[in-house]
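This report concerns only the one structure given below.
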Amino acid sequence: LDVIGYYSSAQQGEVETVTRRKVKRLLSFQRYCHASRLLRGLVPHTPRSLHLLDDDYLGQAAHMLSKVGTWNFDIFLFDRLTNGNSLVTLMCHLFNVYDLIHHFQLDMVKLNRFLGMVQEDYHSQNPYHNAVHAADVTQAMYCYLREPKLAEHLSPLDIFLGLMAAAAHDVDHPGVNQPFLIKTRHHLASLYQNTSVLESHHWRSTVGMLRESGLLSHLPADMSRDIEQRLGSLILATDINRQNEFLMTFREHLDNQDLDLQLASHRHFILQIALKCADICNPCRVWELSRQWSERVCEEFYRQGDLEKKFDLEISPLCNQQSDSVPAIQIGFISYIVEPLFEEWHRFTEPSLLSQTMLDHLHKNKANWSSLRCAHTPSDVQGRSQAEEPEGEVGEGADIP
């Protein structure tokens with residue numbers, strides 16, 4: 001890796017071999033869990049790798065899937081019940097719900113292989129950007145696709161694209177952000193010319209897995225290419241650097257009341273907005289779930305900061321464990337990123353019970369983080385599990401993300 005050479009030069013050969021291996025593992029985009037590429041995406045036939053462990057787990061997981069459209073769905077519990085296969089299990093279920101397998105004449109072996117490859121290529125060692133996050137975003141996307149304002153206009157292709165993009169939107173994420181890849185001269189930053197580096201990689205990786213699995217090989221070539229391009233458009237929309245671009249366009253459409261969901265282009269734009277909402281919806285979840293996600297994402301930030309510090313690089317914003325507390329990070333994220341987008345989403349979907357519920361959770365969660373910021377010094381609240389429950393806020397009726 002270029003970054004290894006960069007670090008070695010900076011440290012004049014003092015970086016230990018074990019550290020080299022750790023950095024290489026952290027930033028590697030070419031991990032293979034099986035000796036043969038022919039085995040990628042296939043689940044080994046051993047009891048420990050079954051999706052569901054026994055009848056009891058099967059019953060509990062099936063019960064959860066019967067309520068997969070509810071906003072308080074606990075993806076962490078579902079992942080445990082499916083033995084770490086929440087993404088594959090959820091996607092198979094939703095494809096059946098929408099009859100997508102029959103509609104697109106999908107081969108079940110190829111579908112399972114593709115989904116297995118996607119799940120496998122998420123880095124389980126990442127606290128946040130892992131397959132559970134992908135499953136969580138997919139479940140949120142399903143909730144949004146069911147919004148009455150949108151559902152009546154969606155085609156099977158729209159639904160297929162929305163679910164596929166949600167499942168694969170962060171595949172092979174290295175656990176560090178774009179500025180880190182740029183300043184360490186990573187080959188992906190050069191490949192994608194420092195623009196939407198991670199999102200471009202997620203998309204291209206998804207296309208590679210689609211082709212390797214042969215999932216769309218039975219479709220006309222022009223249709224397959226169109227699906228690949230539309231998936232790219234959706235995944236690239238999750239680039240946080242394009243947040244204002246999409247927010248302003250969305251707001252303009254709502255102000256002018258000119259959204260026509262009979263038009264495929266307008267439906268695609270709303271799918272982009274829906275995916276953006278699903279990707280950052282953690283602060284809109286009930287507090288018990290939202291707080292776990294907040295601590296996970298900050299843990300990932302802090303790991304990047306530790307890596308930057310180790311190699312005498314400038315610590316990126318939000319990545320300094322000593323000065324960037326979880327409450328402060330979350331309050332800023334909610335105020336400047338989440339609230340503006342979800343307020344416009346509420347305008348689009350109203351009257352919507354789900355949309356109002358998300359805003360209610362969002363506001364309560366923000367108040368909770370404000371209480372925690374006032375109650376603790378930055379060193380007390382570092383996101384590695386130390387925040388306490390704010391009195392009077394969390395409990396029955398305070399379902400905050």
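Within the set of pairs 6+ apart or on separate chains, which have a first residue in the range 56-80 that is touching a residue at least 24 places away in the same chain (Cβ under 8 Å) and surrounded by fewer than 20 Cβ atoms within 10 Å (Cβ to Cβ), a second that is hydroxyl-bearing (Ser, Thr, Tyr) and in a loop (DSSP other than H, G, I, E, B), and C-beta atoms under 9 Å apart?
Note: pairs meeting the criteria are 57/82.
Which residue out of 158, 136 is assigned by TED's automatic domain parsing to the domain that holds residue 238, in a helix (DSSP H, G or I) and surrounded by fewer than 23 Cβ atoms within 10 Å (Cβ to Cβ)?
Working: 136 fails: surrounded by fewer than 23 Cβ atoms within 10 Å (Cβ to Cβ).
Every option except 158 fails the conditions.
Tell me, please, whether a residue that is surrounded by fewer than 18 Cβ atoms within 10 Å (Cβ to Cβ) and in the same structural domain as residue 337 (by TED's automatic domain parsing) can be found in the range 260-272.
no
Say whether the condition of being in contact (Cβ under 8 Å) with a residue 40 or more places away in the chain, surrounded by fewer than 19 Cβ atoms within 10 Å (Cβ to Cβ) and not in a helix (DSSP H, G or I) is met by at least one residue in the range 174-190.
yes
How about the range 280-373: which helices (runs of 4 or more DSSP H) wholly inside it have at least 2 residues that are out of contact with any helix residue (DSSP H, G or I) (no Cβ under 9 Å at 6 or more places or on another chain)? Can you show your working first?
Details: elements: 287-310, 326-333, 339-349.
The helices (runs of 4 or more DSSP H) meeting that bar are 287-310.
Can you run down the residue pairs with Cβ atoms below 7 Å, 6 or more apart or on separate chains, where the first is in the range 328-354 and over 18 Å from residue 270 (Cα atoms) and buried (at least 17 other Cβ atoms within 10 Å of the Cβ) and the partner is at pLDDT 95 or above and hydroxyl-bearing (Ser, Thr, Tyr)?
Between residues of the range 328-354 that are over 18 Å from residue 270 (Cα atoms) and buried (at least 17 other Cβ atoms within 10 Å of the Cβ) and residues that are at pLDDT 95 or above and hydroxyl-bearing (Ser, Thr, Tyr), the close pairs are 330/294; 331/370.
I want to confirm something. Restricting to the range 81-99 and keeping residues that are over 19 Å from residue 123 (Cβ atoms) and not in a helix (DSSP H, G or I), which single residue is farthest from the chain's Cα centre (by Cα)?
Selected residue: 99.
The values are calculated or read from the model by the stated rules, or taken from the named source; none is laboratory data. This structure is a prediction, so every number in the text was calculated from the model and none was measured. All Cβ positions, glycine included, derive from the backbone under ideal geometry; neighbour counts span all protein chains shown.
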